[in-house]
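First comes the structure, then the notes that go with it.
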Amino acid sequence: MAPARSLLTMTLNISSKVVTCLQHVTLLVLFDLSAAFDTVDHSILLQRLQTKLGISGTVLNWFCSYLSGRSQRVSIDGSISNKHYLDCGVPQGSCLGPVLFTIYTSKLFDIIAKHLARAHSFADDTQLYVSFSPKEEDGQSSAIFATERCIIDIKKWMAEDKLLMNDTKTEFLVIGTRQQLSMININSIKIGDADISGRGSIAHCP
């Protein structure tokens, strides 16, 4: 369980593991974060660079300089607004932006590891999944319970670190063979205060 090198490698990694797990059904949850890069708290990020990566001294000052003094303006039909100085956020289109966001959200993997064995992330795209046997009596209910408990803890951490999960845009898929899918019935899972319906089921060949 670790950040991926890119969105493509994350997708390929998940696809490979799901397809090779032929004896199980996989419940895959795809998180949607609201304005994720824009809400990164600079003080929390700098603290995480120190505690997680051991960065200090001159190098830490470089990061502090990179984050501070940023501003933005809006241009509409040739008219430009006044500068608005930013005390949070990392540039999404930059080389460092996705890296810094991944470091900022590194606690996510510690939380997921307490509940589920598998998760993948690249920048603000995070997917967690749990596989279970449809033949086990409590397989489906245990998978749903573990997933929902994990999401509760993730949302608590996000609130502490000033991130926001978009509950109604977070989605899930159920993946398995046609025979496996006929043995289960997952209509919804609870994300915060919302009951989210699945995007559907994906049947792969055994």
Review point. Going from most exposed to least, what order do L116, L86 have by accessible area with a 1.4 Å probe?
Key: L86, L116
Exercise for review: Determine the distance separating the Cα centre of the stretch 72-102 from the Cα centre of the stretch 130-169; give it in Å without decimals.
Suggested key: 32 Å
Study note, to complete from the structure: Rounded to the nearest 10 Å², the 1.4 Å probe accessible area of I80 is 110 Å²
Exercise for review: Provide the FRET efficiency to the nearest 0.05 for the I152-L96 pair, computing r from the beta carbons and using R0 = 30 Å.
Suggested key: 0.40
Practice item. Over the stretch 81-177, give the accessible area per residue in Å² for a 1.4 Å probe, as an integer. Key: 49 Å²
**Study point:** Note, ³J(HN,Hα) from phi for the stretch 53-64, Karplus 6.51, -1.76, 1.60, rounded to Hz, x at Gly and Pro
**Key:** 10, x, 7, 8, x, 4, 5, 5, 5, 4, 5, 4
Study note, to complete from the structure: Order by accessible surface, 1.4 Å probe, largest leading, for residues V25, V59, V130 comes to V59, V130, V25
Review point. Which whole-Hz ³J(HN,Hα) couplings does the stretch 166-176 yield from phi under the Karplus relation 6.51 cos²θ - 1.76 cosθ + 1.60, θ = phi - 60°, glycine and proline marked x?
Key: 7, 4, 6, 9, 6, 10, 9, 10, 10, 10, x
Revision key, fill the gap. Here, C88 and K169, labelled 7 Å along Cα→Cβ, have an inter-label distance in nm of 1.6 nm
Practice item. Provide H24, H42, H84 ordered by accessible surface of protein heavy atoms (probe 1.4 Å), highest first. Key: H84, H24, H42
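The values are calculated or read from the model by the stated rules, or taken from the named source; none is laboratory data. Keep in mind it's a predicted model, so treat the numbers as computed, not measured. Neighbour counts are summed over all protein chains in view; Cβ atoms, including those assigned to glycine, are modelled from backbone coordinates with ideal geometry. In case anyone asks, the SASA skips ligands and DNA or RNA and just uses the protein heavy atoms, side chains included. Shrake-Rupley method; radii C 1.70, N 1.55, O 1.52, S 1.80 Å.
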